[in-house]
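The values are calculated or read from the model by the stated rules, or taken from the named source; none is laboratory data. From a predicted model like this one, the values you see are computed outputs, not experimental measurements. Cβ placement follows ideal geometry from the backbone for every residue including glycine, while neighbour counts extend to all protein chains displayed. These accessible areas exclude ligands, DNA and RNA; they are computed on the full protein's heavy atoms, side chains included. Shrake-Rupley method; radii C 1.70, N 1.55, O 1.52, S 1.80 Å.
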Amino acid sequence: MSVIQMIIEQFARMQWTDYLDIIVVAYLFYALFPLLRSSGSLRIVVVIAGILAVTWLTDLLNMHALNFILTQFLAVGLIAVIVLFQPEIRRMLDQLGSVRLKRLLGGEKPEQEMFSVISQTVSACENMSRERVGALIVFERDVRLDEYFKTGTIIDGKLSDPMIRNLFFPKATLHDGAIIVRKGRIAAASCVLPLSNSSRISSDLGTRHRAGVGLSEITDAVVVIVSEETGAISVAVGGVLKRYLAPQTLEKLLRHELCHVAGSKEEERGLKLRQKYHKKEDRRYEK
């Protein structure tokens, strides 16, 4: 009972600025935590947390020699961490600098236009999968991908099913590389992406899949991949590759990642109607 009374007394002594301080700090942790989802950033957090935990434990157990070594290491540990994890720290700082303030403050809401963009993308992927046309489609989110724009050709065109299929047509000039989608528009095409060195990627996957996973490891981008050999549709998010996706699953996943809302029952019925419509349009186009 005394513990509860102490807590109540502590809250009674707090001023409104203390409550504001707690709320702001808690919200910043909540807003910035998604930036640590990449494997590189997570490694830094785990290493630092591990060293602090062991240092506290050695002090608690009176292990003076080991505690002295760890304490001295912490004195210069910041420099050591910067040297050891320089690439990961650079990427994490790039992410922090690229986060839009409007998104950080929670003011950015899903746009209705994204549903149309996603529907057109799914339709194009379904057609390219059936025709065995390889594709690599990158959806930019909070982390800007300006450095990869320089490796390709600026398009700044409206995203549509025919546009995507024309860009990835095997004899088209810009069919090699990836297209980058920014704010629902095709910003650039034929872009070169960094390859992943992860051993978790199956050996039967080629450069296109490694490029998609590689970009998703160092940014928060959502990458859609269509295999030229098998026609399988895959999505890479956060360094994880999800393979053999059906068009319905692809649409649900893209809505979840890009719009942060789940589709309603009416939208699910609309998806089936749109797919039937696109199939009819494809047959008319082939004739």
* Rounded to the nearest Å, what's the spacing between the alpha carbon centres of the range 122-180 and the range 231-258? Just the number, please. => 16
* Alpha-carbon centroids, the range 44-73 and the range 210-226: separation in whole Å -> 37
* To do: Once you have the Cα-Cα distance between Lys242 and Trp56, take 0.36 nm times their residue separation minus that, and quote the gain in nm to one decimal.
  => 63.0 nm
* With all protein chains present, how much of the accessible area of the range 163-220 (probe radius 1.4 Å) comes from carbon and sulfur, to the nearest whole percent? -> 51
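Tell me, what is the FRET efficiency for Ser199 and Arg132 to the nearest 0.05, using R0 = 22 angstrom and their Cβ-Cβ distance as r? Show your work: numbers first, answer last.
Values: r = 28 Å, r/R0 = 1.27.
Computed FRET efficiency for Ser199 and Arg132 comes out at 0.20.
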